[in-house]
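Read the structure below first, then the notes.
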Amino acid sequence: MTTPEHIAMLNGRTAAVQAATADLLERGALRSDGHTVSAGATVPGMTDLQRAIHRAVHNGAPRVEQDRDVVAQLDLLQRDCVRRGLLHPPKRAKNGSSVGGLLLGGVILLVVLAVLKAPIPLVVVTMVAIVVALFFAIRRPAAPRDRRTKQGIAALQQARAETSEAAPLGSRVAAFGTRPLLLAFPAAAVLGWPLVDFDDPMMQAQRWAGGNGSGGYSCSSSSDSNDTDDAWCSGGNTCGSGGSCNSGSCSSSSCGGGSSCGGGCSS
């Protein structure tokens, strides 16, 4: 079964934390008074990730997404998405291994030429060819790739098409970003999460035209993000400060202080 947390992971690890937290807030397991977030009583049906987030808040973790148990559950969820064929495996350092292979192959080739007492011009040409190959191998940028597979993209599009305004808050946040959370719980701005829409432009236009009761979206939204770094940060244009991918890490994603989606965005 593909859960809202799986759908949220398609938008990044931070999005998974946001969706799980939104569900806990809606069901009363977490509470926010606009200044702090506190843990209430546990509720039935909490997922492993939600239990880890609940414990982290209860223990006063300054940045929930960095809590050891939360990180471990995110790792498990990410691997499960890979196993289900929704996400590609994280990138490995292929560039470094290819450079090492070229260097080793070049050394072996030069040794063979020396043993065979090859003509000096041939040795020089071989050395030049090796140097040129190493230069281009080092300079070649890694090809960008959407972390989502075709199956993952289809699952995300289906979730967005099927998730209505009456759906649980966690499902809406998983599919569409933090806007539903911050509209439903304005005090959740204390989480320091930016206002993010994951709608694609066509879906966003339909929502604008439909007048779905939320007052319309006045801040710019993002199309499906291509997360190309190994942190798999949440994508999306944001209103206010903080929260975008920066140097391969997801910032402004905690249950502590931090910037909120403040002025400059009106509904």
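The values are calculated or read from the model by the stated rules, or taken from the named source; none is laboratory data. The structure presented is a predicted model; accordingly, all values stated were derived computationally and were not measured. Here Cβ is always computed from backbone atoms with ideal geometry, including for glycine, and neighbour counts include all displayed protein chains. What goes into the accessible areas is simple: the full protein's heavy atoms, side chains included, and nothing from ligands, DNA or RNA. Shrake-Rupley method; radii C 1.70, N 1.55, O 1.52, S 1.80 Å.
Tabulated data for the structure shown
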| read-out | value |
| --- | --- |
| Pair list, Cβ < 7 Å and 6+ apart or interchain, from the stretch 173-196 residues that are touching a residue at least 24 places away in the same chain (Cβ under 8 Å) and within 21 Å of MET9 (Cα to Cα) to residues that are crowded, with 21+ Cβ neighbours inside 10 Å and among the basic types (Lys, Arg) | PRO180/ARG172; LEU195/ARG179; VAL196/ARG179 |
| Hits in the stretch 66-87 - residues which are in contact (Cβ under 8 Å) with a residue 24 or more places away in the chain and within 12 Å of ARG147 (Cβ to Cβ) | GLN78, CYS81, LEU86, LEU87 |
| Any hit, the stretch 70-85, residues being modelled with pLDDT under 90 and out of contact with any Leu (no Cβ under 8 Å at 6 or more places or on another chain) | no |
| Test: residue in the stretch 1-20 that is among the acidic types (Asp, Glu), surrounded by fewer than 18 Cβ atoms within 10 Å (Cβ to Cβ) and in a helix (DSSP H, G or I) | no |
| Residue selected from the stretch 35-50 under the condition open to solvent by less than 40 Å² (accessible area, probe 1.4 Å) and in a loop (DSSP other than H, G, I, E, B), by the criterion farthest from ALA154 (Cα to Cα) | GLY40 |
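Every residue, every condition in (1) open to solvent by less than 50 Å² (accessible area, probe 1.4 Å); (2) assigned to a helix (DSSP H, G or I), yes or no:
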{"position": "ALA52", "(1), (2)": "yes, yes"}
{"position": "GLY60", "(1), (2)": "no, no"}
{"position": "GLU65", "(1), (2)": "yes, yes"}
{"position": "ALA114", "(1), (2)": "no, yes"}
